[in-house]
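One structure below.
The values are calculated or read from the model by the stated rules, or taken from the named source; none is laboratory data. Since we're looking at a predicted model, the values are computed, not measured. Neighbour counts run over all protein chains shown; Cβ positions are idealised from the backbone, glycine included. These area figures cover heavy atoms from the full protein model, side chains too; ligands, DNA and RNA do not enter into them. Shrake-Rupley method; radii C 1.70, N 1.55, O 1.52, S 1.80 Å.
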2 protein chains.
Amino acid sequence: MSPKITVELLRKLRQVMKGSKYVAEPIQAYIIPSGDAHQSEYIAPCDCRREFICGFNGSAGTAIVTEQHAAMWTDGRYFLQASQQMDNNWTLMKMGLKETLSQEDWLISVLPENSKVGVDPWIIAADQWKTLAKALSSAGHSLVAVQQNLIDAIWEDRPARPSTQLSALGLKYTGLRWQDKVMQLRAKMAERKISWFVVTALDEVAWLFNLRGSDIEYNPVFFAYAIIGMNSIRLFLDEKRTADPVVRDHLVLTEPSKAELHVECLPYQRVHDELQAVCSTLGPKDKVWICDKASCALTQAIPKMHRAPIPYTPLCLAKAVKNPTEIQGMRMAHIKDAVALCELFTWLEKEIPKGTVTEISAADRAEELRSQQKDFVGLSFPTISSVGPNGAIIHYRPLPETNRTLSLTELYLIDSGAQYRDGTTDVTRTMHFGTPTDYEKECFTYVLKGHIAVSAAVFPNGTKGHLLDSFARAALWDSGLDYLHGTGHGVGCFLNVHEGPCGISYKTFADEPLEAGMILSDEPGYYEDGSFGIRLENVVLVVPTKPKYNYRNRGSLTFEPITLVPIQLKMIRSELLTQKERDWLNDYHRKCQEIIGAELERQGRKEALDWLIRETQPIM
Amino acid sequence: MSPKITVELLRKLRQVMKGSKYVAEPIQAYIIPSGDAHQSEYIAPCDCRREFICGFNGSAGTAIVTEQHAAMWTDGRYFLQASQQMDNNWTLMKMGLKETLSQEDWLISVLPENSKVGVDPWIIAADQWKTLAKALSSAGHSLVAVQQNLIDAIWEDRPARPSTQLSALGLKYTGLRWQDKVMQLRAKMAERKISWFVVTALDEVAWLFNLRGSDIEYNPVFFAYAIIGMNSIRLFLDEKRTADPVVRDHLVLTEPSKAELHVECLPYQRVHDELQAVCSTLGPKDKVWICDKASCALTQAIPKMHRAPIPYTPLCLAKAVKNPTEIQGMRMAHIKDAVALCELFTWLEKEIPKGTVTEISAADRAEELRSQQKDFVGLSFPTISSVGPNGAIIHYRPLPETNRTLSLTELYLIDSGAQYRDGTTDVTRTMHFGTPTDYEKECFTYVLKGHIAVSAAVFPNGTKGHLLDSFARAALWDSGLDYLHGTGHGVGCFLNVHEGPCGISYKTFADEPLEAGMILSDEPGYYEDGSFGIRLENVVLVVPTKPKYNYRNRGSLTFEPITLVPIQLKMIRSELLTQKERDWLNDYHRKCQEIIGAELERQGRKEALDWLIRETQPIM
């Protein structure tokens, strides 16, 4: 991986920062966040502005350019990758390390007095704007909204915003009509005395209307906003989509049965003006819900007296708690996904000794095998297929120049997943196809202990996910080891592979309590820079459980693994496991054998079935 | 415990809320927080306003009185106690339960439109004022600073503010002269470009100046403020204290060696005006540090442009990390404390069968035994001495009307501690003097497993205490049990038994990362309402440890118990312990036997020594 040469780009950017064409007064710093106007994690090529300016293409990072400096903040998953992708015009700011300055502290330390710091108000979230503006103004600087994006101004061949074909999901997949979702939303609005709700997150729009698109790779979403009132539904999207008969039918655009369920489709770009128009009609007590992570531009379109910002919208929460149809779909998707992975590992065992399988070809093979499964739509994120030292780059993506060959001597880590029409998958397995070292096995076993500790945890109703994070680390900590990423994230149902409002992380964020029906990942790891990476990830469903007692009738929850792919036995030092852990593993493998075995049999995949049976033998 | 009758008091309070004598306009609600002007947890009798108005005398709680309602918020430790102490004019608001409204939500739900909510600005913390004012104003109400405290206005025989004799602590106890502490503080101020620092917490003033008082029961502090500049030290305290030769000598008031270490003593009441005077001399860039938990009145005396509020002051942090002299003092204090408890338990074993020992007499006996130890000053908090169902009242304090007799059939829980000139102690043991039930033993064993899980935890440098809280609960959770309080708090050195900025709790607060030298409690429990309470508490020291590996050279920490009092073996179902847990317990008891045994021997306490040896036998 060679770094992007950015001398010329930085020169141009600094020029427009000074020029009067885009900014009323010169700005001394310009912030380039990684998101789009919807604060999406994965973004369309036209929105990859941070990558364009610095070269780093990981999913999280913020670049800041001043007259003298250029710095980029990212987290532990990306330290190695970012240092390889950026040239020496850039300083890598390692978030999470004690010595690393925050963006505001860094700005204050490098800026001349009374500086202006510019940012595109459509790209920065309202809550970040507020924090940043406050910190800067307390140091005598000011944060300035630059309406024309300065990266776009210097980006000559910037791609167009995509507008892919939409597809409608029937009751069989969603379990609930969009009309019913709107009515449930309105009930929550009425309960909290809210008149309007602005939907800004793309997955919330897609979930609410039971529509899917492919505007953003890996995420079955489409560029849209919605404004929902008690008697009105406005959907903002590219006009040509409204002409599609599938969409017209699904949204009942032609012949609305009930006036308050009539969808009014408006052009995507109109959202700001329409929101202002809606707000101009409000009574003094009317309140408008908007996520505090929505763009500063859209948030400020709502007068402060009417604004009711919320950390998580009711749609975000409703979407996180899967209904029985969605749960069934997720189970089916994971069974199909496990079939593909059993086939992959069977194939790898045969092919690796020939020395012809690379990270890229293994990833391609995995995709091909998944695509053979029913209702396959595409991958849910770029496959992390990594051999030996590449495995230590936490969000590694194989490129021709980094591509290693799978061998009998190095660990192989594959973190991959797919979108099926019935569900989204995300699974990581770490395998050795020769003889692992004792140290590799030791580390793997600690990671497995952490994985089991979370998966088998019993906890009271109302517990927040972050309270479970240390369970995943205890075995590693005991030996002085750790990993620099969270342990789990919410997973959408044929939606984004990362979703809120729940998660399992040492970072304390305002996560919502875990509830039965939520689906998360459980993925501790261990990474030895320059040597290997280990990660074990299952998708798990929050389920009620009945332990011996029931303190204050609170009820208890635990997790049920939905991912059913064998965990490689040869990597385990079983003497390091407790009996309870061995029981968990044997029980898990029995379930893999039963459920995935039956499906392999049904699909006539004899060789993979033999592999599965061998890999799921109980350990003592 | 019979509730306080509050009809007449509430009538009088509602009268002054309406009257023009104290408030410019009538207020519709009045908030009575539990703290004093220093946001102390334990308060002097003259500051017990919340207890005066509602009867509830626990350490945490906020009362709010409106024209129609009276409600009091407290946490899980106090649900039972508060419900017993308040009459039916009061509604108990159980904090931490999902269905309980917050104070602001409750106010908004009960108040008529455009209401005024009053509060004494000296009693409410600046950060609470801000949050509350915002929430109220967003609902059309306003928060009003009522200068004259309305409880004081109706409290006829309110006690005077205490002004006890001060004592100076030498280097032998503090390890650092106050002059050096001031210089270290100034170095931190210079580093962060801070011109002034307002010390508002009583324990911070006491720690900084190496002075102790007894203005507040159980807390060796005295009413004072300090304002520290780079060349000036102003100490605000009752004038007659300045005449005391001990104080004059210690603070070098007569003949200051260096001008910038000259202490200027001013009357306690002058702090507000002096702070305003200091602020009027500030340059445009000058910043003043003040804790964001300081009173609203004092915080607002600093113009906003100069105000630099911080969640924890540098003194709070410096005080939390004990120096070698303080650590040695804490160890000595705990050895003496353990001697007293061994004597107590030996005595209880003999006396309980006679049926003459009560919760109160046992607590008195414990105090008497402690007072025989060198440098004993007093108790560090009211002894919780509780039998059977009283043990389930988490912060129970025995009163003549609730006093139960210790017996061979009920569990006995004693949570107690003392102030010695060399350190502060806090220890809880739960004992059965007859034959415990299997269920009592089962619960005790889960609590013990939680206690050990925290105490033996290994974790990386920089870990925050709240990440360890779930370790204490895992065994209880597994069986559907839990406890409704945090797991640990910071402990001062001959200072407050509860101190920040670290702790171990499921509540996510801005706790500072754990560091070697910090001292905390480790005290999980289990409470069965109406039956019994179990808690096991040691004070533990954060120490460096060297596990097998050292990931990224971060280093690891663990805890070393400083409390050395046997954990009752007959309460343990050892088949529920892992071998690692049994090893921990045997190792702990060996240490108790060695260290406390030697001291019992030295003090010639033969009977207690025999008891100790019997109670510290290894288990298999």
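Here are some notes:
- Matching residues, region B:487-501, being in contact with a helix residue (DSSP H, G or I) (Cβ under 8 Å, 6 or more places away or on another chain), within 16 Å of residue B:466 (Cα to Cα) and open to solvent by 10 Å² or more (accessible area, probe 1.4 Å): B:488, B:499, B:500
- A Cβ distance below 6 Å, combined with a sequence gap of six or more or placement on separate chains, defines the contacts here; from region A:460-480, residues that are at the interface with another protein chain (Cβ under 7 Å from one of its Cβ atoms) reach residues that are in a helix (DSSP H, G or I) and hydrophobic (A, V, I, L, M, F, W, C) in the pairs A:468/A:454; A:470/B:467; A:471/A:453; A:471/A:454.
- Scanning region B:517-533 for residues that are in a strand (DSSP E or B) and within 13 Å of chain A (Cβ to nearest Cβ), we see that the one that is surrounded by the most Cβ atoms within 10 Å (Cβ to Cβ) is B:525.
- The one condition from (1) open to solvent by less than 10 Å² (accessible area, probe 1.4 Å); (2) within 11 Å of chain B (Cβ to nearest Cβ) that residue A:514 does not meet is (2).
- Residue selected from region B:569-594 under the condition open to solvent by 70 Å² or more (accessible area, probe 1.4 Å) and touching a residue at least 24 places away in the same chain (Cβ under 8 Å), by the criterion farthest from residue B:342 (Cα to Cα): B:580
- The lone criterion from (1) assigned to a helix (DSSP H, G or I); (2) open to solvent by 30 Å² or more (accessible area, probe 1.4 Å) left unmet by residue A:179 is number (2).
- Residue match in region A:595-609 (condition: outside any helix (DSSP H, G or I), surrounded by fewer than 16 Cβ atoms within 10 Å (Cβ to Cβ) and within 13 Å of chain B (Cβ to nearest Cβ)): no
- Taken over region B:193-235, the criterion of being in contact with a strand residue (DSSP E or B) (Cβ under 8 Å, 6 or more places away or on another chain), among the basic types (Lys, Arg) and more than 17 Å from residue B:497 (Cα to Cα) is satisfied by B:234 alone.
- Checked against the criterion of being touching a Pro at 6+ places or on another chain (Cβ under 6 Å) and either over 24 Å from residue B:292 (Cα atoms) or hydroxyl-bearing (Ser, Thr, Tyr) (or both), region B:251-260 has no qualifying residue.
- If you go through region A:544-567 and keep only what is within 7 Å of chain B (Cβ to nearest Cβ), open to solvent by 20 Å² or more (accessible area, probe 1.4 Å) and polar (S, T, N, Q), you end up with just A:550.
- Flag for residue B:474 being more than 25 Å from the chain's Cα centre (by Cα) and more than 30 Å from residue B:350 (Cβ to Cβ): yes
- Filtered residue count, region B:502-511, keeping only those that are crowded, with 23+ Cβ neighbours inside 10 Å and touching a His at 6+ places or on another chain (Cβ under 6 Å): 1
- Positions within region A:137-167 being within 14 Å of chain B (Cβ to nearest Cβ), part of a loop (DSSP other than H, G, I, E, B) and of a type in the set (Gly, Ala, Ser), in sequence order: A:139, A:140
- Residue check, residue A:560 farther than 30 Å from residue B:553 by Cα and not in a loop (DSSP other than H, G, I, E, B): yes
- Criterion violated by residue A:446 - all others in (1) aromatic (Phe, Trp, Tyr); (2) in contact with a Phe, Trp or Tyr (Cβ under 7 Å, 6 or more places away or on another chain); (3) away from chain B (no Cβ under 14 Å) satisfied: (3)
- Yes/no for residue B:538 being in contact with a strand residue (DSSP E or B) (Cβ under 6 Å, 6 or more places away or on another chain) and within 30 Å of residue B:480 (Cβ to Cβ): yes
- Note on region A:262-309: among residues that are among the β-branched types (Val, Ile, Thr) and touching a Lys or Arg at 6+ places or on another chain (Cβ under 9 Å), the one that is farthest from residue A:500 (Cα to Cα) is A:278.
- Any chance residue A:350 is farther than 22 Å from residue A:534 by Cβ and in a loop (DSSP other than H, G, I, E, B): no
- Selection status of residue A:138, open to solvent by 10 Å² or more (accessible area, probe 1.4 Å) and at pLDDT 95 or above: no
- Residues that are open to solvent by less than 40 Å² (accessible area, probe 1.4 Å) and either over 23 Å from the mean Cα position of the chain (by Cα) or without any contact (Cβ under 8 Å) to a residue 40 or more places away in the chain (or both), drawn from region B:363-388: B:369, B:373, B:383, B:385, B:387, B:388
- Those strands (runs of 3 or more DSSP E) of region A:263-346 in which at least 3 residues are open to solvent by 10 Å² or more (accessible area, probe 1.4 Å), considering only elements entirely within it, cover A:263-266, A:307-310.
- For residue B:541, the conditions (1) within 23 Å of residue B:591 (Cα to Cα); (2) without any contact (Cβ under 8 Å) to a residue 12 or more places away in the chain are fulfilled apart from (2).
- All of B:541, B:576, B:557 fail the test of being at pLDDT 95 or above and over 23 Å from residue B:464 (Cβ atoms), apart from B:576.
- Any hit, region B:299-306, residues being without any contact (Cβ under 8 Å) to a residue 24 or more places away in the chain and within 18 Å of residue B:126 (Cα to Cα): yes
- Options A:591, A:546, A:570: the member that is basic (Lys, Arg), within 22 Å of residue A:465 (Cα to Cα) and touching a strand residue (DSSP E or B) at 6+ places or on another chain (Cβ under 9 Å): A:546
- Near pairs, Cβ below 8 angstrom, 6+ apart or cross-chain, from region A:255-274 (within 23 Å of residue A:245 (Cβ to Cβ) and hydroxyl-bearing (Ser, Thr, Tyr)) to any residue that is assigned to a strand (DSSP E or B) and open to solvent by less than 50 Å² (accessible area, probe 1.4 Å): A:268/A:224; A:268/A:225; A:268/A:236; A:268/A:237
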